[in-house]
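Peer 1: Mind having a look at this structure? Questions to follow.
The values are calculated or read from the model by the stated rules, or taken from the named source; none is laboratory data. The shown structure was predicted, so the numbers you read here are calculated from the model rather than taken from an experiment. Here the Cβ is made from the backbone with ideal geometry for all residues, glycine too, and neighbour counts use every protein chain on show. Just so you know, the surface numbers come from the protein's heavy atoms only, side chains and all, with ligands and any DNA or RNA stripped out. Shrake-Rupley method; radii C 1.70, N 1.55, O 1.52, S 1.80 Å.
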Amino acid sequence: MYLIEKENVMKIAEELAKNYELFGPVVDKGTGQVFFDRVNDSSEISLSAEIPAIPPKHVVFPQIERIMKYKYDRSAKKAEIEAILDNRSKAIFGIRPCDLTGLIVLDRFFLGQEFVDEIYREHRKRMFIVSQNCIAPFKQCFCVCTDSGPFADEGYDLNLTLLGDYYLVEAGSDKGKELVQRLGLKSADPSYAEMKKKANDKSISLFESIATDNKAWISRVMNRITTGFIKEDVWEYIGKQCFECGACTFVCPTCSCFNVEDHNRFDGTTDRLRTWDSCSFEGYTKMAGDHNPRHPVEDRRNKRFFCKLSYSQSKKYLRPGCVGCGRCQWVCPGDIGLPNVVTYIRREITE
Amino acid sequence: MDYKSGVCNFCGTGCGNYLRISDGKITGVYSSRNHPVSKGRLCVRGWHIHEWLMTDQRISSPMIKVDGSFKNVTYEEAVNFMMEKLSPYMGSSAKAIGFLGAPRWSNENNYLFMKLARSVFKTNNITLDSESGHRGSLNVLSKVTGFPAMTGSLEQIEKTKFIMVIGSDLTRINPIIGSEIHKAQMAGTKVVTLGSRKTQMAKLSNLHLQCRPGTLKLTIALIAKVAIEKGYMDKNSASSMAGFNDFASSLAAINMAEAIGSTGISLDDIDSVAKELCGSESAMAFWSTGISGADEDTVSYIANLFLIAGKVGKENCGLNSITGLANLQGGYDMGVAPDLLTGFQSYSDGAVRSKFEKAWQVQLPAEVGNDVYQLLENKNKDLKVLFVAEHDEGIVKYEKEIANLDFVVYFGSYDNPFVNHADVVFPIAALIEDDGTYTNTERRVQISQKRIQAFNGVLSVRELFSMIAAKSGVKWSYNSSEDVFKEIASLTPSYSGLSYDKLINSTGIQWPCNSEYPNGCKSFLLKSGTALSFAKVSGTFPAVNVSEAFPFLLIPGRGEYFWHQNNIMKKSYIPKREYNATLLVYPKGFIEINSEDAKKLQVREHWTVKISSDKGSMNVSVKISEDVKPGTAYVPYFIKEMITDFLLGHSDKSDMGLDATIPVRIERV
Amino acid sequence: MNNIVDGKIVTVPEIATIEEIKDEIQDVKTFYLKFDNPEVEKNFKIKSGQFVMLTVFGAGESAISLPPSPENDRFHLSVRRVGKVTDALHALQVGDKVGIRGPFGNGFPFEEIKGKNIIYVAGGIGLIPLRSSIVHALQHRNEFGRIIVLLGARTPKDLMYQYNIEEWLKIPGFECYVTVDQPTDGWTGHTGFVNSLIDKANIPVENTVAFVCGPPVMFNSVINDLMKRGLKDDCIISTLERHMKCGIGKCQHCAIGRTLVCTDGPVYTYKQIKTLGEEI
Ligand SMILES: Cc1cc2nc3c(=O)[nH]c(=O)nc-3n(C[C@H](O)[C@H](O)[C@H](O)COP(=O)(O)OP(=O)(O)OC[C@H]3O[C@@H](n4cnc5c(N)ncnc54)[C@H](O)[C@@H]3O)c2cc1C
Ligand code: SF4
Ligand code: SF4
Ligand code: SF4
């Protein structure tokens, strides 16, 4: 445990910027929307900004990513293929615990299972992560229900907690320790552990009054979703409201479905692109000869919630797929973000 | 940060977005949370706009057609070629040259297109491609309120107490407006949908008046009739407005029992809607103005109904004509019409015309022009030359007529099969390769800024048109889109208070914006002195009688499956896939019939049936759906692959918009 | 890991040349391929029931089953024309290059079924994914009991691999029954859906496994009939098809309930299929 003065905390980002491409929360001047994106200078970062509208997912899993490039000269019968891996070193500064948990879920999915996804691994290989604990929640948050905040406990190189005039800096890796030493941060005495715990309790207690947009007590719902004991008409009620826009998938820190397309360029080469996709789309599963195993929209909807909230899927993530960020709620034209769906299912259970 | 604010260019909702631009290339899109219209939402099209914007399927060089095949040339050569070929037609006949504008182009580009037509080629034959239906709505709204656009505001949907959606499925055509209505409904607003198909919008409503096809207008008339006769109406003001007596007596002439019978809706439902609409604190009407939207007469009935209910010009009320294409409203605002100059100023008004003559330093022809579609249809074949901007596959209907023209000029950014009809092709800079403003359905003028360099060095519309003007001896001196916008503002009362300074870093301003409304105007509010008047109505309703020979009522439509199946959408991946999902299952088109009818006809899903009318017949697959009532059937005609001669033979009907119906016979084959 | 050559990135295809193209039935062609890199050609080992991801340059990538036997068979793919990638493939000629990734998928449980009777039931191009296993079983004829193939097609012209079937029929103890839905002139064989062959072949039930592959409608009714006959659900094996974009369990297009067809499948027993919790 180390300490850094509040006004000096950006020194960490500046130090990282020397060796890494830097990503952090940025406030757009036009509309005030917060993004988590690449910055040219650490001064663009606003550590205290609210939970960003876009999770840092796109840093490791871009909306469109060129994974390969090729050129086929048909007359010469010559094919050249070039694999493209993103080997930039990236530092993520100021990621919040929900999104950090999202990243851990993505790691377990892309790097675990039968195959390692090398495109993803390349993004993660040289990454430095500085997380910040939330000393107070925001309106949309419900990480307390999904066990993913408001304080982080794994997955970071450095973790920051604002305690009065100081940030408590915890190192979670050798890389992190090395950076702390390079910056010459002073050690924090053991009393800070107690202060941090208090800050955590305080933050949790604030959910009641601040985080009023969403509540989603998921445990009983997880049971139901796993066993499938949810009435058809509940799914129908939910499905009928879906506008099939895909937003819930795109904004979710743990959704990782993708499409692959070969994009022909003007210069005669072709890019193979990996792009975000969503299970809410009809064409996602539709196959030739009019076979769509998930034809009715409610089938496609319940797939997303199965993915987020079933034990069987959680086995892949080693936790529930939802990290309680609340984003799918405010982007959904149908008003059926995960918190509302959980409410509808709970309503059925209690009935 | 790589995210830059922008405006969605698909439908007329005008959702705000953020485009991600990294190293000069577009790499994604995200929604805009604090945008007053979209509030963090986008629909499937908006979420994939980057797929279209990054395409390399572009027109990369100017081309001229020599001996039937295209040759790449410089802009200079192409302009010379065009001017030479056109010289015999200049001033030859008022009907020789036509201009077809693009409802997706920016205000600046549309303004220059209109200016090019009028000041350089001396023609007033100017029409907006695709959606002439919007003009009918503008005419009615202008007549009734003096306000030539949607009178309400999308931001106020959540505040209004009663919503009537007429016909179209907003959840598909303008999804974010549909979403706003859905959310209002969940929060307690009463939503009533009128229409013959059970659309998603209908399913999300409190009440769906599922009238028989062809009786939508009649249903609206009946609600008005009941409102008057039962005394629910706004007695204080409506009855004293000009035109009330005519309207009331035309309603009185309707035989209630007979009319109820033909709509298939119960009198109780009509009564309760009339009562709730009139009694509600505020109310809004929504209808689509475009393809298969409401026609002028239907809009007149809607407007008159709301006058009777006392819901025009008040807080949180609105007569809301919804545009399906990004800048359809802006296109009309820019005077892309034979009889209009900018801001709905009448071309026939000598004072207005001389204002433009002075500003442009040219003589303008005194006569208004002709609708280009009518010129294409007319038997004399007066039209010889056509200028087309960014064709959106809407004029596929006129393919034959266009092929017979002497000379066709095409301006566009993307590869497009229409190019083959052209004799000269000019590539131009696309969205985000140039600054431009766009006016959404609720009059919100928003700026979309230049974010990337133009593809392969192509010129902007401004640069190209200036070059063409110079060739004919007219000097245009614009250094930027902003210069063009300044000129627009100086000539257009409703835009006079707008400037790039105000629009940049804002989420748009709703016109009128001028000395009276310095910050723009959210919705049309009645002030003392302004008078409302009733619109003239036809008093006639299409007969929709089925006969023994043709016992089914067929609705030809495109609303429900309208995924903006147009040229640009085909450059995307996911929206295209979603659109194909329907096509794949029914490659040769389909007809929706109710399961009851399917049983009677002894057909099953996917079986082929023959549809015949008095004009011809076609074979299509059966799609069984409870969204249509027994005795009615629905055929989508939006897909080129599905446009059979059968439907083209009935194109007079499909132009009737919401009330288009064709009596048919359906047989198993 | 399943890379063709270790150290290669699993998302990058190997280049192969089309050596021969054979017209099979309407819209289906068979492409005989050879890897350009001899090292890859040598190390390309497959299991029956697996598939590859085929790149057609300029068009995209598709999942395609492997019909060749794992031993002593030419590397080939049989592909039906249905859309962007497959159309582009059909437009290629001998000498053209394609890209191949894989093989992927679990494959049929060859060792576990030794000594048993095998029934193959295929509808239309459902024979493509079964071919590998049939040839392999025939190559090891002595290790199995009865080997029965029940084939159904819409018309006689829609019968896949007719020339192969003729060859196989020369192998002693190979039983093959063929039926068509719509007989055309000159058809002297059986008429009716493929289920009707189950009775005709008098199929064994004890110590028997059935491989079923074909369109969903056929699949469901055949399985019904097999179960009625007394076959157990864990003795009925099939390969499933889903939209697939990566082949390595990441794109999630092929998810059915909690399983991913590309890595957990495409081969499943009917017992497993029943518990997937989604329509097939
Ligand atoms: C494990 C597996 C093995 C397969 N083996 C063969 C084979 O041996 N021979 C063969 O001809 N085909 C096989 N297929 C199907 C083949 O993958 C698709 O037909 C092909 O991907 C279609 O691509 P396209 O670009 O031509 O079509 P698109 O233009 O992409 O689409 C045309 C239609 O095909 C559908 N489609 C796309 N992908 C698939 C898919 N994976 N399965 C079914 N329909 C799809 C689309 O939804 C659409 O309906 C197999 C599929 C899987 C998953
Ligand atoms: S499901 Fe919704 S609330 Fe949960 S992590 Fe995803 S976006 Fe956030
Ligand atoms: S965000 Fe809502 S409307 Fe859009 S796909 Fe997800 S659930 Fe459906
Ligand atoms: S509703 Fe219209 S403007 Fe909004 S995202 Fe969709 S297409 Fe774009």
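Peer 1: Let's test the formula: R0 of 25 Å, r as the Cβ-Cβ distance of A:I349 and A:L206. What FRET efficiency results, to the nearest 0.05?
Peer 2: 0.35
Peer 1: Continuing with the same structure: To the nearest 20 debye, what is the magnitude of the charge dipole of chain B about its Cα centre, counting +1 on the Cβ of each Lys and Arg and -1 on the Cβ of each Asp and Glu?
Peer 2: Numbers: 71 positive and 70 negative charges, 148 e Å.
That gives chain B a dipole magnitude of about 700 debye.
Peer 1: For B:603-614, what's the mean count of beta carbons from other chains sitting within 10 Å of each residue's beta carbon?
Peer 2: Values: counts 0, 0, 1, 1, 0, 0, 0, 0, 0, 0, 0, 0.
Average neighbour count from other chains, rounded to a whole number: 0.
Peer 1: Continuing with this model, one more query. Carbon and sulfur atoms: what percent of the 1.4 Å accessible area of the protein assembly as shown do they account for? Could you put the intermediate results ahead of the total?
Peer 2: Working: 22810 of 47270 Å².
After summing per-atom areas, the C and S share lands at 48 percent.
Peer 1: Near C:K157, which aspartates and glutamates are there with a Cα under 17 Å away, not counting those fewer than 8 places off in the same chain?
Peer 2: C:D23, C:E24, C:D27, C:E166, C:D181, C:D185
Peer 1: So what is the calculated 222 nm ellipticity per residue for chain C, using -39500 (n - 2.57) for each DSSP H run with n of 4 or more, over all residues, to the nearest 500 deg cm²/dmol?
Peer 2: Values: 7 runs with 57 residues, N = 280.
Using -39500 (n - 2.57) per qualifying helix, the result is -5500 deg cm²/dmol.
Peer 1: Moving on. Which whole-number percent is the relative contact order of chain A (Cα, under 8 Å, 6+ apart)?
Peer 2: Reported as a whole number, the value is 20 percent.
Peer 1: Mind ordering B:77-83, B:251-257, C:125-131, A:209-215 by average Cβ neighbours within 10 Å, highest first? Intermediate values should be presented prior to the final figure.
Peer 2: Numbers: B:77-83: 18.0, B:251-257: 12.9, C:125-131: 25.9, A:209-215: 15.7.
For the peptides B:77-83, B:251-257, C:125-131, A:209-215, the packing ranking is C:125-131, B:77-83, A:209-215, B:251-257.
Peer 1: If the limit is 27 Å between Cα atoms, which of B:K39/B:K203; B:K217/B:K384; A:K175/A:K196 go over it?
Peer 2: Numbers: B:K39/B:K203 23 Å; B:K217/B:K384 38 Å; A:K175/A:K196 23 Å.
Flagged as over cut-off: B:K217/B:K384.
Peer 1: Sorted by mean Cβ packing within 10 Å, highest first, what order do the peptides C:243-253, B:216-226, C:204-214 take? Could the numbers behind the result be given before it?
Peer 2: Values: C:243-253: 23.5, B:216-226: 26.4, C:204-214: 20.3.
Ranking, from highest mean packing down: B:216-226, C:243-253, C:204-214.
Peer 1: Continuing with the same structure: Averaged across C:256-265, how many Cβ atoms of other chains sit within 10 Å of each residue's Cβ atom? List each step's numbers first, then the result.
Peer 2: Numbers: counts 4, 6, 9, 1, 3, 0, 2, 3, 2, 0.
Taking the mean over all residues of the peptide, I get 3.
Peer 1: With the other protein chains left in place, how much accessible area per residue, in square angstrom, belongs to the protein assembly as shown at a 1.4 angstrom probe? Don't jump to the answer; show the numbers that get you there.
Peer 2: Working: 47270 Å² over 1300 residues.
With the other protein chains kept in place, the protein assembly as shown gives 36 Å² per residue.
Peer 1: Let me confirm one metric for peptide B:38-49, namely the mean number of other chain beta-carbon atoms within 10 Å of its residues' beta-carbons. Could you put the intermediate results ahead of the total?
Peer 2: Values: counts 2, 3, 10, 8, 6, 6, 9, 1, 2, 9, 6, 0.
Other-chain Cβ atoms within 10 Å of each residue's Cβ, averaged: 5.
Peer 1: Let me ask you something else. Count the DSSP beta bridges whose two residues both fall in chain A, then state the antiparallel fraction as a percent rounded to the nearest 5.
Peer 2: Working: 39 of 49 bridges.
Counting DSSP beta bridges with both partners in chain A, the antiparallel share is about 80 percent.
Peer 1: As a quick test, which of the pairs B:K65/B:K450; B:K623/C:K200; A:K231/A:K315; B:K159/B:K235 have an alpha carbon distance above 27 angstrom in this structure?
Peer 2: Working: B:K65/B:K450 32 Å; B:K623/C:K200 37 Å; A:K231/A:K315 25 Å; B:K159/B:K235 24 Å.
The answer is B:K65/B:K450; B:K623/C:K200.
Peer 1: Hey, another quick one. I'd like the antiparallel share, as a percent to the nearest 5, of DSSP beta bridges with both residues in the protein assembly as shown. Walk me through the numbers on the way to the answer.
Peer 2: Details: 109 of 188 bridges.
If I count the DSSP bridges inside the protein assembly as shown, around 60 percent turn out antiparallel.
Peer 1: Tabulate in residue order the Karplus-calculated ³J(HN,Hα) for the stretch A:304-309, using 6.51 cos²θ - 1.76 cosθ + 1.60 with θ = phi - 60°, rounded to whole Hz; enter x for Gly and Pro.
Peer 2: 5, 6, 5, 5, 7, 10
Peer 1: Now for a separate question. Principal axis lengths of chain C from Cα atoms, whole Å, largest first?
Peer 2: 49, 44, 36
Peer 1: Name the lysines eligible as straight-distance cross-link partners of B:K355: C-alpha to C-alpha under 22 Å, and not fewer than 8 places from it in the same chain.
Peer 2: Excluding near neighbours in sequence, the set is B:K115, B:K122, B:K475, B:K486.
Peer 1: Over the Cα atoms of chain A, how large are the radius of gyration and the largest Cα-Cα distance (Dmax), in Å?
Peer 2: Here Rg and the maximum Cα pair distance are 21.8, 74 Å.
Peer 1: Could I ask something else about it? Quick one: work out the % antiparallel among DSSP beta bridges in chain B, nearest 5.
Peer 2: Values: 39 of 84 bridges.
Percent antiparallel among DSSP bridges in chain B is about 45.
Peer 1: Report the calculated FRET efficiency for C:D233 and B:K610 (r = Cβ-Cβ distance, R0 = 41 Å), to the nearest 0.05.
Peer 2: On the way: r = 44 Å, r/R0 = 1.08.
In this case the efficiency is close to 0.40.
Peer 1: If you take every residue apart from C:A63 with its C-beta less than 13 Å away from the C-beta of C:A63, what net charge results, scoring Lys and Arg +1 and Asp and Glu -1?
Peer 2: Local charge sum for C:A63: +2.
Peer 1: Right, next: For chain A, what is the mean residue ellipticity at 222 nm derived from helices alone (per DSSP H run of n ≥ 4: -39500 (n - 2.57); sum divided by total residues; nearest 500 deg cm²/dmol)? Numbers along the way, then the final one.
Peer 2: On the way: 14 runs with 131 residues, N = 351.
Value at 222 nm, helices only: -10500 deg cm²/dmol.
Peer 1: So, one more: Between B:S595 and A:A76, how many nm apart are label points set 7 Å from Cα along the C-beta direction?
Peer 2: Label at B:S595, label at A:A76, 6.2 nm between them.
Peer 1: Quote the FRET efficiency, to the nearest 0.05, computed for A:E154 versus A:N19 with a Förster distance R0 of 30 Å and r equal to the Cβ-Cβ distance.
Peer 2: On the way: r = 24 Å, r/R0 = 0.79.
Calculated transfer efficiency: 0.80.
Peer 1: Given the DSSP H assignment, sum -39500 (n - 2.57) over each helix run of at least 4 residues in chain B and divide by its residue total; what's the result at 222 nm in deg cm²/dmol, nearest 500? The partial results should precede the final answer.
Peer 2: Details: 23 runs with 198 residues, N = 669.
Counting only the DSSP helices, I get -8000 deg cm²/dmol.
Peer 1: Right, another one. Among the listed pairs B:K225/B:K599; B:K71/B:K400; B:K25/B:K522, give every one whose C-alpha distance is greater than 27 Å.
Peer 2: B:K225/B:K599; B:K25/B:K522
Peer 1: Could you please state, rounded to a whole Å, how far the C-alpha centre of the stretch B:56-134 is from the C-alpha centre of the stretch B:223-255?
Peer 2: Between the Cα centre of the stretch B:56-134 and that of the stretch B:223-255, the gap is 48 Å.
Peer 1: Continuing with this model, one more query. Just need the relative contact order of chain B here, percent rounded to a whole number, with Cα pairs under 8 Å and 6+ apart.
Peer 2: Working: 1450 pairs, mean separation 127.1, N = 669.
For chain B, the relative contact order is 19 percent.
Peer 1: Pairs of alpha-carbon atoms within less than 8 angstrom and 6+ residues apart define the contacts here; what relative contact order does the stretch A:119-200 have, in percent?
Peer 2: Working: 87 pairs, mean separation 21.1, N = 82.
Reported as a whole number, the value is 26 percent.
Peer 1: Let me know the shape class of the stretch A:104-165, please: from the alpha-carbon gyration tensor, a ≥ b ≥ c as square roots of the eigenvalues, rounded when a/c is under 1.5, otherwise prolate if a/b is greater than b/c, or oblate. Kindly include the intermediate steps, with their values, before the conclusion.
Peer 2: On the way: a/c = 3.34, a/b = 1.75, b/c = 1.91.
Taking the square roots of the gyration eigenvalues as a ≥ b ≥ c, the stretch A:104-165 is oblate.
Peer 1: What ranking, highest mean first, results for peptides A:164-171, A:21-28, B:547-554, B:398-405 when packing means the other Cβ atoms within 10 Å averaged over each residue? Show your work: numbers first, answer last.
Peer 2: Numbers: A:164-171: 18.4, A:21-28: 22.5, B:547-554: 16.2, B:398-405: 14.1.
With the highest mean Cβ count within 10 Å placed first, the list reads A:21-28, A:164-171, B:547-554, B:398-405.
Peer 1: By how many nm would the segment from B:A549 to B:D23 grow when fully extended, if each residue of separation counts as 0.36 nm and the alpha-carbon distance is taken off? Walk me through the numbers on the way to the answer.
Peer 2: Values: separation 526, 0.36 × 526 = 189.36 nm, distance 6.54 nm.
The B:A549-B:D23 span can extend by a further 182.8 nm.
Peer 1: Which value, in square angstrom to the nearest 100, describes the accessible area buried between chains A and B on both sides, using a 1.4 angstrom probe?
Peer 2: On the way: alone 17450 and 25120 Å², together 37950 Å².
Interface between A and B: roughly 4600 Å².
Peer 1: Moving on to the next point. How large is the Kirkwood hydrodynamic radius of chain B, counting all unique pairs of alpha carbons, in Å?
Peer 2: Computed over Cα pairs of chain B, the Kirkwood hydrodynamic radius comes out at 25.7 Å.
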